[in-house]
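Working notes for the structure below.
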Amino acid sequence: MTHSNITRSKNSQQHTRTNKQKNRYGTHCSLQPPHLVLALMVAMTQAYKLKNFITAASFARRLLEINERFASSKSSKSMSSAAKKAEKVLKLSERQGRNSVKIEYDEQDSFMLCCETMTPIYKGNKKTRCPYCFAHYLPKHSGEVCKICGVAQIGLETLGLVSFSSSRR
Ligand SMILES: [Zn+2]
């Protein structure tokens, strides 16, 4: 992340929905303390909101370290509010002591993966499959050549293939 990127994200802070990955990369660069504090604050807040408490705590610790290191410098004033927030996040995060992994699917429900798009197809939803290797696909892929075996047409059940597949069952 470049210096100008950080500055820009500072200007548009009130409507930051910035990519959290980008923010995390930002914290790994050697930035000037005020910029680094800002990047860490954003990353810490987002990690905390996502209930990734271990990650949030590590950002909070870095914020506190920076605060200590620059406590006697001019920028310490602007940092004290960040440090206060970091302390609070650190305390709360340590109490939770865990990362909750963000998941895209409902783990209560069983599902299959579409072999083309790698998206889950939940039980009860329409799906189609390769008659040769039984790889599952979203219905929109029927008629395409199977990505797994490269042999059969998805969704096509011919007599020959049906008898072949029944012998594999
Ligand atoms: Zn196949």
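For the reader, a short list of remarks on this structure follows.
- Likely footprinting exposure, 62, 129, fewest C-beta neighbours within 10 Å first: 62, 129
- Of 49/123; 51/127; 126/147, those spanning more than 27 Å from alpha-carbon to alpha-carbon: 49/123; 51/127
- Segment residue 147-residue 125, extension gain: residue separation times 0.36 nm, minus the distance between their alpha carbons: 5.8 nm
- Placing a label point 7 Å from the Cα of residue 54 along the Cα-to-Cβ direction, the residues of the stretch 80-99 whose backbone N falls under 20 Å from that point are 89-99.
- Exposure proxy ranking, count of Cβ atoms within 10 Å, fewest first, for 80, 93, 58: 80, 58, 93
- Put simply, the amide H of residue 129, placed in the peptide plane, has neighbours under 5 Å in 137, 155, leaving out anything fewer than 5 places away on its chain.
We did not get these values from a lab; they are worked out from the coordinates using the rules stated. Quantities reported herein were computed from a predicted structural model and do not represent experimental measurements. Cβ atoms come from the backbone with ideal geometry, glycine included; neighbour counts cover every protein chain shown.
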